[in-house]
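The values are calculated or read from the model by the stated rules, or taken from the named source; none is laboratory data. Note that the coordinates shown come from a computational prediction; the quantities given were computed from them, not determined experimentally. Cβ sites come from the backbone with ideal geometry, for glycine too, and all protein chains shown count toward neighbours. Only protein heavy atoms, including side chains, enter the accessible area calculation; ligands, DNA and RNA are left aside. Shrake-Rupley method; radii C 1.70, N 1.55, O 1.52, S 1.80 Å.
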Amino acid sequence: MKPIDVFNGDADGICSLHQLRLHRPEPEARLVTGVKRDINLLARLQGCTDSRITVLDISLDRNRDDLLGLLTAGNTVFYADHHFSGAIPDSPLLEAHIDPSPHLCTSLIVDQLLAGAFRPWALIGAYGDNLDAVADPLAEASGFSADERSALREIGVLLNYNGYGATEADLHVHPAELFREVHGYRDPLLFQAVSPVLDLLRHGYAQDLTHADRLEPFRLLAGGRVFLLPEAGWARRVVGVIANRLASQTQDLAHAILLPNPDGSLLVSVRAPLQTSRGADTLCRQFATGGGRASAAGINCLPPQDLEAFLAAFAVQFSP
């Protein structure tokens, strides 16, 4: 059977796949990925047969019809994820490991399956998903020093940063190429020290954040703050970084970051208060293109006429 690896183009997706392929190499696997918000990846496999498919860090609920089609065609599917799934199909061809706990990401689910064999990369995925409160004690218990934890966190943040953009043209590195670069390193600390690709992301990140540091709130609401970014490449790349930073800095508040799409709609990134880590997915699933997980979710295309309805729902969801 032909191997196909399907994964979210962010830190969690990349680090989940890296762990699995360190455990069981698949050098001839076809890589299917894209920008972080491109989660309907199984639609790219229409007509696929005789394949062994690994799916990581994309919502089963959003890919349900395509997944059912792949199973009906006789493909085998390994599926690991931490987003809302809905009912999991009952098929002998599907191996599903799905847990929407706000204290897990897909990298940590894979880490559990592999009994911590590649723990540093699982930690990187967790740091990239802004799960510092989970990653830090786990890293310390695993014997990593403060400097090493800082290095792992930097990798996670930079890999995650690279996944954000309206299209692949916004990204510094295509996620498939970034995975190939990461997969050349078993030791993440060596990767952090010498990878020219990571250095490229490091410089891009620093430059983009010079713009972000000047932002002021667009709206102050009960239980949270809303920020509106301009329509610019730097804004599309740091929308998730800004959301994570704000959530970490003010842990009792929820945050929403609004970014204009080329069609006039709004891209929305939501972070629940880190003190509770709940409610972001519930809020975003109220809107047609919304989804995500309890602590971090988003809406791909919010019509401008729905903005006030979103703000009202945000206030209700996160009101103290």
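Before moving on, here are some points about what is shown:
- Residue list for region 217-264, restricted to those being among the β-branched types (Val, Ile, Thr), closer than 16 Å to TYR161 by Cα and out of contact with any Ser or Thr (no Cβ under 6 Å at 6 or more places or on another chain): VAL238, VAL241, ILE242
- Considering only residues in region 299-320 that are in a helix (DSSP H, G or I) and open to solvent by less than 50 Å² (accessible area, probe 1.4 Å), the one that is farthest from PRO273 (Cα to Cα) turns out to be LEU307.
- Of the residues making up region 80-93, those that are touching a residue at least 12 places away in the same chain (Cβ under 8 Å) and farther than 23 Å from CYS284 by Cα are PRO89, SER91, LEU93.
- Any chance LEU104 is hydrophobic (A, V, I, L, M, F, W, C) and over 13 Å from the mean Cα position of the chain (by Cα): no
- Search result, residues across region 108-132 that are touching a strand residue (DSSP E or B) at 6+ places or on another chain (Cβ under 9 Å) and either modelled with pLDDT of 95 or more or farther than 20 Å from ASN162 by Cα (or both): ILE109, VAL110, GLN112, LEU113
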